[in-house]
Amino acid sequence: MYHVLATGLTSTVLYLLSYFFYRNRFYSLQFHRKLWNSILAVVFILTASAGLFLALQVNYKWNIPVTKTILKWHVESGIGLAFAGIFHFIWHFTYYMDFFRRQKSESSAEEFEARSREGDLAINLFIVGFVSSSVQLLFMKEIMNITGGYELITGIFLCSWLLGSAAGARVAPASQLTSLRKINLFFTTGPLISLFLMMLLSRLFMKTGETPSFLAGAAFTFLVLLPFCMISGFTFIKLIAAAQGSVNFIPGRSFSIETIGGITAGIVVSLLSSGILNTYQTLLAIITLGISYTLLTFYIRGKTGRFVIRILMLLIVSALIIFSPDIIFRQLLLRGIRVTATQDTPYGNITEGLYQGEVSTFYDQKLLTFSNDAIESEEDIHYALLQNDKPEDILLISGSTESRIKEIKKYSPKRIVFVERDPALAKIETGIIEGENAGLTVENDDAFRYITKTNRKFDAIIMLLSPPSSLLLNRFYTLEFFQAVKKAMNSDGVFSCAPGINPNYFNREAVLFYSSIFNGLKKAFRNVIPIAGNKIYFIASDQELSSSICMLAAERNIVNSYVGPDYLSDDLIKAKSDEITALIDSSVRLNRTAMPVACFYYQAFNLTKNIGEKIPALVLLLLLFVISLTLIRGKSALMYFSASALAGYEIIMLLVLQLTAGNMYQLTGLIIAGLMAGLAIGSGICIRFPDKLSMGIKVLILIVFYIMIAVSTQIILGITSRFLIISVLILSGFVPAIITGNIFRELTRPPMGRKDTSIVYSSDLAGSAIGFIVFSGIAVPLTGIIPSLFILPVLILTGFVFLIFSTRRRI
């Protein structure tokens, strides 16, 4: 199937956005022409190359393995080329028509209006930081839900956000758009463009309840974020340019004010997201307030007009709070589902709907429960419980509860403990409220923390969490977790988990992924067997295990619809189990908390599911890296590498928080707020330390600090006090953030031109973008926490070397 309408419509929207930016003087006519000529050239080369390969195969019968992939990209790129070509032809036609017309330019007298007073600009910068960070946090939550939420796609989100902002910052100095009223109007209405694109592209390309491939998710993320991010970076640089007439102007102070706005946004959004307002309520309310600021500050002068605007905005915000628009947006995102209810909790989004009359529940855009799920519910429960003669105490970790507990009750257990972090999700199903079922206890706690702290002993522990697609989920498939599970079980207890789907054919990536988890289970338990159902189940125990599921069901008198002799055969189950066991590679590294290799292997395995997208995805990652390097100019290299190191350090801090204090969403905001506060102080406040230190000493402090953290990581991971570990992490993020922020202050200290400040700011954003991708998606999963920490001082030293060479060249 080819996406004729979807690809054509996407090309049309992108061209119109580019034309909008040109017409409003975000960039010049020459840049607009170069941009679309380059796009046409790239698409033409792709289309022509694909056509050449196909011709060679047809005419000369060459066996080219990637023919199907080439055919797909040949057609898709051809569609894009056709639509882009039509618009480019129309644009050139108007170019010749306007050839002799004089172009109006804004007079220098109104270059930066009377509103460019220092106090007004400080408020303006704060508003820009507040709105930008609020939109970032809310869009991140939604886009992560749509695209899967794993670290690599999170890195793509942050990379797209920062690179888009960097692009806006780079084109700003040469832009003819200087009217602050227009700039602020574009900025405060910009989120609506990205919101429209998110709804449009999700309906065109995304399938309801399914996680898109990495390449599709990356393209979706970049296209949605590009318009607002570019406007955001553009606005910040233009406000700095407007402030340059101030006597006390320091670019670092402007950065500090914007960062304070970002910190405030983080606190406000975290508070509102704790169950007070839903995502789209908060987003639209913030956009409304931003637009009202622009209108009241730059457009409406009369008292009556200002009063009317305030009343109107108050009514709009009140309507958003009373009549939540979220159900409308969920309906747009979930095609084919009639959404009946939706709510956001501090942990995720729960949406209920009807599909052909059947009730379905979606959690973070993924199908969680549905009617008649007998096969999955029986496999989840009986493969494990049939291994135990009389399971009395059973622990169920997450999963769809109503149908699973129905299956568990066939064994007449005395006690069932259900652990689910989200209280709203635990109560969403009928009968799964504590006290309504005899012997059922609901624990709203992080499963890792509960397992390590509980004094109870269980006969069976069944874990129904999602595969280790992220560092957060990876914790539950580590050797350390398996060892904690064993301590929480009786001597004949049984543990079951399902790391992923049954691929039927195990390629090398699948072998690496499943082996890293199987080897950890094997080290913790005496016996481990795989059972292949719709998912690959690993059953572990110190007692003897059997793959003769049908025989066990008959012996225990357990009657099922699917897991039993009516549908299954013990011979086939055993044969498949033996086949998987033979494929397991015992030499593969164990998955551990400090070495989360399963997360990396899972992403590699995921890329092989769409073989035609593997190479384009790798090319995309390489292209992002190359683009970020092109933003480095001379001494800004130090800013690039120090920002990259700080971004990587932030990722590592958040992972350490999860490993020590559990899945603490609210505390994550505190860690990030502490880091941003350090950046604000370092860049905006004149402090004797480190302001009086030379650049070499600042670099040395960062290098020594990161090395000390790497050396003491094992001690930090051993801290059991929640208050102490949180305090240590906040303080450890605050220190390097101050130094990094002060480096920005030093590199942008007057006398500096607008372009130099833009280059340093762009390098800061680009370095952070690459840091998030490299450390979250590659370095930490592949090498572990401690080796990744040792990479940080290398990055700092690299940036300092670039700084020395650039300084010598100038001399």
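Figures for the structure shown
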read-out: Cα convex hull volume per residue for segment 388-504 (Å³); value: 124 Å³
read-out: Over 26 Å between alpha carbons, listed pairs Lys207/Lys574; Lys207/Lys535; Lys366/Lys453; value: Lys207/Lys574; Lys366/Lys453
read-out: Where the Cα pairs of segment 501-638 fall when distances are cut into 5 Å bins, in %; value: 2, 9, 14, 16, 14, 12, 10, 8, 5, 4, 3, 2, 2, 1, 0, 0
read-out: Pair-distance profile P(r), taking every C-alpha pair of segment 434-501, with 5 angstrom steps and integer %; value: 4, 15, 24, 26, 18, 10, 4, 0
read-out: Cα→Cβ-extended label distance, 7 Å offset, between Asp373 and Leu465, nm; value: 1.8 nm
read-out: Reachable lysines, given that their alpha-carbon falls under 30 Å from the alpha-carbon of Lys303 and they are not under 8 places away in the same chain; value: Lys182, Lys238
read-out: Set Lys414/Lys609; Lys414/Lys522; Lys427/Lys576 screened for pairs whose C-alpha atoms are more than 32 Å apart; value: Lys414/Lys609; Lys427/Lys576
read-out: Cα centroid separation, segment 496-519 to segment 266-291 (Å); value: 41 Å
read-out: For segment 260-415, alpha-carbon Rg and Dmax in angstrom; value: 23.3, 82
read-out: Whole-percent pair-distance distribution, where bins are 10 Å wide, for the alpha carbons of segment 253-293; value: 27, 47, 24, 2
read-out: Ellipsoid equivalent to segment 361-404 - semi-axes via the Cα gyration tensor, in Å; value: 24, 12, 7
read-out: Stokes-Einstein D in µm²/s, Kirkwood radius over Cα pairs - segment 694-763 at 37 °C with 0.692 mPa s viscosity; value: 230 µm²/s
read-out: Equivalent ellipsoid dimensions for segment 164-245 as semi-axes, Å, which come from the Cα gyration tensor, largest first; value: 32, 13, 7
read-out: Segment 173-321, Rg to Rh (Cα coordinates; Rh as Kirkwood inverse mean 1/r); value: 1.01
read-out: Centroid-to-centroid separation of segment 528-597 and segment 337-373 [C-alpha atoms, Å]; value: 30 Å
read-out: Principal axis dimensions, segment 759-811 - Cα atoms, whole angstrom, descending; value: 43, 21, 10
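Each reported figure results from applying straightforward, stated rules to the coordinates on display, with no laboratory input. Keep in mind that this is a model prediction, so the values were computed, not measured. Glycine gets a Cβ as well: all are built from the backbone with ideal geometry, and neighbour counts include every protein chain shown.
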